[in-house]
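Q: The structure's right below; bear with me while I get my questions together.
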Amino acid sequence: MKRKPKLSFWQIWNLSFGFLGVQIGYSLQNSNTSGMLKSFGADLSSLSLFWLAAPLAGLVVQPIIGMFSDGTWTKLGRRRPYILLGAVISTIALILMPNCPSLLAFAPLLMGALVFLFMDLSFNITMQPFRALVTDMLDDSQKTQGFVVQTFLINLGSVIGALLPLIMTNVFGASDEEVPGQAMQHVAWSYYAGAAILFLSVLVTVFKVKEYPPKEFAEYSAAEGQEAAPAEPKKSFWQLLKTTPKTMIQLGVVQFFSWAALFLMWNYLQPLVTRAFISDSAVLNGEAQTWTGVLNAVYPVSACIISLLMTRLAAKYGNKTVYALCLLCGAVGYASLAFCTGKVAMIFPMILIGIAWAGVLAMPYSILSRAIDARSSGAYMGIFNFTVTIPQICMGLLGGVMVSLLRGVLVPGGKAVYESLDTVSKAHADSTVAVGMFIIAAIFMAMGSIAVRFVKEK
């Protein structure tokens, strides 16, 4: 039985290079969606409902794309047709998002919600096959390296996407002033640039990677201890779900807590940042939005750095130890960020959150890839995405309730007084509520770190 050939660093790099562009799109979305939807008319208490689009899209799309791609064999390969299709749709969605007020002038918020959902559906079509592609192409001895390289590229994309608004303002002269009911100019230009980079980077993976043909792939699977017989009946989605490895379920508990914490950060970082800006509302929102992007660029930088060391650390101390310590750093970061009042002081907690982010992106997939059948890796990776989407859906449904409860406790006078506040005072009241949400996020991440201990690794 022959084993998969060892790939060079640049071959491994090309497997995930398109993920760089996809993550630029995600980063733009994470940094700017809350501010954009608020400018279209959304209230803080309803933001989490809009953010349900992302996990719902992943919950539905990724298992479907995973199962289809498992059985797809074309001249372009097994995974790459779906990567290319998703990239085309994602590019269109990024271009449309800043133009929602023009596309549907009488209901820009509704249009924004629809395009947001459309964008997330396309991101998930593109993203899911990248995970399976690493599992398909790499020998067990290189899988951790493959997911670490993917993590590095994801975080590099996060940095670029988060800094694009700042670049558009300081390099290209785009305005960062808020225009009521409109996307800010520097954000709109960033979406257009992100769309172009996403499409071009995906083309690199599509044309540089050559996937194994069916017969050769079956032989490699047999060499890894899996049956190569193609005559075995193909398992349905429900059969795969029933035979889910215990390792995946155990990882799912960890994933629940870590992704719930991440969802809260993406939702409420922008209102948390506003307390560092005390000028008029237009400048307050513009500067706070830009600084939110800067902070969203900080944590991927630290994630990039730690990801370069993660293969060696995991080899020396074990995947589980590295994973648990990463999540613990995230818990400390969230708790620290809740009590930082200066914009520069917010940078250090984001560095710690970046270490957690690196662990979340690499370690569970490295552990899982050794516990699943390679022939069904796409479907299993799609099923595993439930552990990413379900916690976000839970937080999306509960977010409004949590905001209302925290307003009643943390805002003097509660909701009745809040409604009578001016714009700047409301922004600072929202910031106080965001502090409570970050404390909750810290508790979740700490619980995830503890749950790693109970994962049984193959």
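Q: Is the shape of region 1-79 rounded, prolate or oblate, going by the alpha carbon gyration tensor and its root eigenvalues a ≥ b ≥ c, with a/c under 1.5 for rounded and a/b larger than b/c for prolate?
A: Verdict is prolate for region 1-79.
Q: Oh, and also: Ranking request for peptides 289-301, 161-173: highest mean number of other beta-carbon atoms within 10 Å first, then the rest in descending order.
A: Ranked by mean Cβ neighbours within 10 Å, highest first: 289-301, 161-173.
Q: Give Lys75/Lys210; Lys2/Lys320; Lys4/Lys316; Lys6/Lys320; Lys4/Lys320; Lys6/Lys143 a once-over and call out the pairs whose C-alpha atoms are over 19 Å from each other.
A: Too far apart for the 19 Å limit: Lys2/Lys320; Lys4/Lys316; Lys6/Lys320; Lys4/Lys320.
Q: Right, here's the next one. Can you figure out the FRET efficiency of Asp140 with Leu309, using R₀ = 25 Å and their beta-carbon distance, to the nearest 0.05?
A: Working from the Cβ atoms, E equals 0.75.
Q: Give the cross-link partners of Lys38 among the lysines, using a straight C-alpha distance below 20 Å as the criterion and excluding same-chain residues fewer than 8 apart.
A: Leaving aside lysines fewer than 8 places away in the same chain, those within reach of Lys38 are Lys415, Lys426.
Q: Hey, got a sec? Which trypsin sites (Lys or Arg not before Pro) in region 1-37 land in a DSSP loop and have at most 10 other Cβ atoms within 10 Å?
A: Here the trypsin sites (Lys or Arg not before Pro) that fit, given the DSSP loop and packing criteria, are Lys2.
Q: Another one. Give the calculated FRET efficiency between Thr341 and Leu397 to the nearest 0.05, with a Förster radius of 30 Å applied to their Cβ-Cβ distance.
A: Computed FRET efficiency for Thr341 and Leu397 comes out at 0.45.
Q: Now for a separate question. Classify region 287-400 as rounded, prolate or oblate from the Cα gyration tensor: take a ≥ b ≥ c as the square roots of its eigenvalues, call it rounded if a/c is under 1.5, otherwise prolate when a/b beats b/c and oblate if not.
A: oblate
Q: Suppose R0 equals 30 Å. What FRET efficiency, 1/(1 + (r/R0)^6) with r the Cβ-Cβ distance, do Leu410 and Leu110 give to the nearest 0.05?
A: About 0.45, to the nearest 0.05.
Q: Follow-up question, since we're still on this one. Rounded, prolate or oblate for the chain? Axes are the square roots of the Cα gyration tensor eigenvalues, ordered a ≥ b ≥ c, and the cut-off for rounded is a/c under 1.5.
A: prolate
Q: Hey, rough spin-label estimate for Glu419 and Lys242, points 7 angstrom out along Cα→Cβ, what's it come to in nanometres?
A: 5.3
Every number in this text was worked out from the coordinates using simple rules, so none of it is lab data. Quick caveat: nothing in here was measured; it's all calculated off a predicted structure. Counting neighbours? That spans all protein chains shown, and the Cβs are built from the backbone with ideal geometry, glycine included.
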